[in-house]
1. Is it the case that some residue within region 309-329 is among the basic types (Lys, Arg) and free of Cβ contacts under 8 Å to residues at least 12 places away in the same chain?
2. From Val86, Val66, which residue is under 20 Å from Gly31 (Cβ atoms), buried (at least 22 other Cβ atoms within 10 Å of the Cβ) and of a type in the set (A, V, I, L, M)?
3. If the requirement is being modelled with pLDDT of 95 or more, acidic (Asp, Glu) and either over 27 Å from the mean Cα position of the chain (by Cα) or farther than 19 Å from Leu110 by Cβ (or both), which of these qualifies: Glu195, Glu225, Glu162?
4. Considering only region 113-230, give the helices (runs of 4 or more DSSP H) lying wholly within it that have at least 1 residues that are touching a strand residue (DSSP E or B) at 6+ places or on another chain (Cβ under 6 Å).
5. Looking at (1) surrounded by fewer than 17 Cβ atoms within 10 Å (Cβ to Cβ); (2) over 22 Å from the mean Cα position of the chain (by Cα), which is the only condition Ala413 fails?
6. Going by what's in this entry, would Met316 be described as surrounded by fewer than 16 Cβ atoms within 10 Å (Cβ to Cβ), among the aliphatic types (A, V, I, L, M), modelled with pLDDT of 95 or more and out of contact with any strand residue (DSSP E or B) (no Cβ under 7 Å at 6 or more places or on another chain)?
7. Pick from Ser336, Ser372, Ser399: which is part of a loop (DSSP other than H, G, I, E, B) and modelled with pLDDT of 95 or more?
8. Could you please find all residues in region 52-111 being assigned to a strand (DSSP E or B) and more than 28 Å from Leu324 (Cβ to Cβ)?
Amino acid sequence: MNRLSEATLDRLPSFVRRPAPRPAPRVVHLGIGAFHRAHQAVVFDDLGWGVTGASLRSPAVRKAMVPQDCLYSLVVGEEVRVIGAVRDVLLASDALTEALAAPETDIVTLTVTEKGYLPDPSGKGAADFLAAALKLRHARGIAPFTAISCDNLPENGRRLREAVLAASDPDTADWIAREGAFPQTMVDRIVPATEEADIDALAARTGLVDRAMVKAEPFLQWVIEDRFAGPRPDFAAAGVQLTAEIAPWEDAKLRLLNGAHSAIAYLGALAGLDFVHEVIAVPAYARFVAALWDEVDATLSPPPGLDIAAYRRALMARFANPGLQHRTRQIAMDGSQKLPQRLLAPIAARLERDQPIAALALAVAGWMRWQSGRTDAGEAFIVDDPLAAEMARRIAGLSNPAEQAKALIGIDAIFPPRLAADPRFAEAVARQLARLATLGARRTIEEFRP
């Protein structure tokens, strides 16, 4: 069967939405995974701004996209749309630095995950490429681009700015600090991993093989702090919200959507539930998520235009969507990087007010239980996390839940010192971890009372 490409576009059936004339690149995106292709690239496609993508770690996406002229399908339920905004996919190389330094590049976006903001000893991390390109732009008399982090991190723009300044020489850093822009952002769309069965199913419908296809829910949200260094597309025309303050939007998304997702992932997967919609279909789990949200609500300061009650109802409906096939184990990846902003931040906020944390503590205990590498039924799995070896070492030989909790809470890279030293936190988590060890995740959830 033929591959999707510019040469085969006219063979697609009429129900497939074809791309508009393909625009020249004005955006460079670092970390061109499924989320970017289902989110920011769709917005740029709507707005007529082309994208040069880059893979910093693996050539897999380039190998999937370049033979297809970088065209790919976005599948939302029964709807299929071919996205044409991406014009090329580069690897970590001098060509990427030149693309970033090109005067036509006005915006750089990033989805490099939480660990992508850590220093890279090889000098080939995202911040290193941005710093090298900005140095060239400064030398060539070209204004800096606007760098937009699209990762689920609090103050993602500030973190990116600090990483780029740290990777720059003093003269370039001064120029970036004066002239550059690193707006904070909040992004939201559930994008499950694409599986071979998805590719086969799409090929059966369209008659063409698409190795770069992505699937997503209908919902898409992008909120950007209104701070740019140069030209920008008419984001509002594509439904993007520009705001003076991103933090309230960011906190609501990280703590309600992402925090619940992490709780669902660990406590569902431990019980042998493979998909988010399967977890939410169990009434006890749905009640637990509602209790978790009740605790989180008190830590939020909703911005104008965000109705928390309506947002919660919409989230529950999104979680219950069986068409997404969103795997709990996919969400469980890299938990050590996600825990602080999703669960630990609202816990710290509640403890400052001397409020109970039973549901949040159970979610953290679920993450701790996950580090054993076995489900409640005894099935072994690999803990996919950059700190997996350190966590395994810490709990090796420990059978007492209180000792396990203490050992993991002692990891400074995850737990803020003030929270780690709070006996209320340690006791609450150890108590829930003991219940998980004795009863298993499903019965613990069934017997949970806030």
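The values are calculated or read from the model by the stated rules, or taken from the named source; none is laboratory data. Computed from a predicted model, the values in this text were never measured in an experiment. Neighbour counts are summed over all protein chains in view; Cβ atoms, including those assigned to glycine, are modelled from backbone coordinates with ideal geometry.
1. Yes: region 309-329 contains one or more residues that are among the basic types (Lys, Arg) and free of Cβ contacts under 8 Å to residues at least 12 places away in the same chain.
2. Val86
3. After ruling out the rest, the residue left standing is Glu195.
4. Qualifying helices (runs of 4 or more DSSP H): 126-140, 156-166, 196-206.
5. (2)
6. Taking the combined requirement at face value, the residue satisfies it.
7. Exactly one residue qualifies, and that residue is Ser372.
8. Once the filter is applied, which keeps residues that are assigned to a strand (DSSP E or B) and more than 28 Å from Leu324 (Cβ to Cβ), region 52-111 yields Thr52, Arg87, Asp88, Leu90, Leu91, Ile107, Val108.
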